[in-house]
1. Restricting attention to helices (runs of 4 or more DSSP H) lying wholly within the range 285-387, give those where 1 or more residues are within 16 Å of the ligand (Cβ to nearest atom), of a type in the set (Lys, Arg) and under 20 Å from the mean Cα position of the chain (by Cα).
2. Just checking, how many residues over the range 161-178 are within 11 Å of the ligand (Cβ to nearest atom), out of contact with any Phe, Trp or Tyr (no Cβ under 6 Å at 6 or more places or on another chain) and part of a loop (DSSP other than H, G, I, E, B)?
3. Lys214 fails exactly one of the following numbered conditions: (1) at pLDDT 95 or above; (2) over 26 Å from Asp350 (Cα atoms); (3) charged (D, E, K, R). What is the number of that condition?
4. Test Arg307 against the stated conditions and say whether it is surrounded by fewer than 21 Cβ atoms within 10 Å (Cβ to Cβ) and either touching a helix residue (DSSP H, G or I) at 6+ places or on another chain (Cβ under 8 Å) or among the acidic types (Asp, Glu) (or both).
5. Output the number of residues of the range 103-142 satisfying the condition of being more than 13 Å from the ligand (Cβ to nearest atom), of a type in the set (Ser, Thr, Tyr) and not in a loop (DSSP other than H, G, I, E, B).
6. Starting from residues that are at negative phi and either free of Cβ contacts under 8 Å to residues at least 40 places away in the same chain or outside any helix (DSSP H, G or I) (or both), keep the ones in the range 143-152 and report whichever is surrounded by the fewest Cβ atoms within 10 Å (Cβ to Cβ).
7. State whether the residues of the range 351-369 include one that is without any contact (Cβ under 8 Å) to a residue 24 or more places away in the chain and of a type in the set (Lys, Arg).
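The values are calculated or read from the model by the stated rules, or taken from the named source; none is laboratory data. Since the structure is predicted, the reported quantities are computational estimates derived from the model, not experimental observations. Neighbour counts run over all protein chains shown; Cβ positions are idealised from the backbone, glycine included.
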Amino acid sequence: MLDKLKIDFKNVFEKEFEDLFFSPGRVNLIGEHTDYNGGHVFPCALSFGTYGVSSKRDDKKIRMYSLNFENIGIVEFDLDNIVYDEKDDWVNYPKGVVKVLKEREYKLDCGLDILVYGNIPNGAGLSSSASLELLMGEICKYYNNLSIDMIEIVKLCQEAENKFIGVNCGIMDQFAIGMGKDKCAILLDCNNLNYRYSQINMDGHSIVIGNTNKRRGLADSKYNERRSECERALQNLQAKLNINSLGELTEEEFEANKNLIENEVDRKRAKHAVYENQRTLKAVKALEENNLALFGQLMVGSHVSLRDDYEVTGKELDTLVSIALKEDGVIGSRMTGAGFGGCTVSIVQDECVGDFIENVSKEYEREIGYAPTFYVANISNGTRKIG
Ligand code: GLA
């Protein structure tokens, strides 16, 4: 595939490529909608992601072409004049990254031709946008010799998504993608960005991602609404409690103070944020003690809470999870990512994976009317130069 990308680069830009970069997608194993609530997440980077083939120019233009959006053609922008433009579509993500880097006074003056190809299913909630942002951050760093570490790039990419794209996402996706490590998930405390890697050794089990094939758009979904509901709940709690985020509360502290939250819906949202954070810590402990059964139960608990208290699942995700849980060899299953469509993640005994995919596909199609898609996940390293 890399050879084909190099040829495509030559066909599109009529010159030879110089460098190759890769930025993964991510899947979150547990800890959903906790990142912007100052809680923990437990994601890993995937072996599928976004490739970037690039070469320098002698002016200050960035020209980009995606094999995933060939109809859009080459999109060009000037390093000294970066404005959001709806018709530039996917290129607004890399533009946002350049803009934020420049605002932070990083000196960017190297024009570039960049061909992009992503094999992350688009709009499936596996973070194709954050993958592209980190890819651009790494490319800018390389060609402009920026002295910037990966965590800083991660933060700036999140800022680009928040301010330039207008999606109020937390830091999980960018962090998982930038800091991913082969065969490991990352336990990240989003309150202070303390993190550690945890070896994923599932002893005879695979991580299977199931795409509902119901597309979700983060920007127009109810994502930002959930954030506001949690912020309101936090403000109510702060009337009595000296806390900066919901992630600081234990379940007991929440139960003892939940009546401070005026609105019943806000109370349910906050309950999810607090319980999911604690569940994530329990799940990581279970996994590290090789208690896969408990890890699976906690995954199911996470899904139920996202369904009933946070209300971000929907018919497709609920159907895919409930069918999955009826299959032999399934340890746990839940939605992953923002929700409202997108993907599930399941832990399945290796020898059952074939039947699992076949049976769940049939049953889901019977109930929903179209088929899901499955991928057995391989955990990979974070964004990097590969050639
Ligand atoms: C999206 C956001 C993340 C996180 C998840 C939910 O993927 O980009 O920051 O909030 O939803 O856990």
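1. Filter on the range 285-387 gives 292-308.
2. Within the range 161-178, residues that are within 11 Å of the ligand (Cβ to nearest atom), out of contact with any Phe, Trp or Tyr (no Cβ under 6 Å at 6 or more places or on another chain) and part of a loop (DSSP other than H, G, I, E, B) number 4.
3. Status for Lys214: all satisfied but (1).
4. Here the answer is yes, as Arg307 does meet what is asked.
5. 2
6. Ser147
7. Scanning the range 351-369 turns up at least one residue that is without any contact (Cβ under 8 Å) to a residue 24 or more places away in the chain and of a type in the set (Lys, Arg).
Yes/no per residue for (1) of a type outside the set (Lys, Arg); (2) touching a Phe, Trp or Tyr at 6+ places or on another chain (Cβ under 6 Å); (3) outside the structural domain of Glu365 (by TED's automatic domain parsing):
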position	(1), (2), (3)
Ile186	yes, yes, yes
Ser206	yes, no, no
Lys214	no, no, no
Glu231	yes, no, no
Ala239	yes, no, no
Asn244	yes, no, no
Gly247	yes, no, no
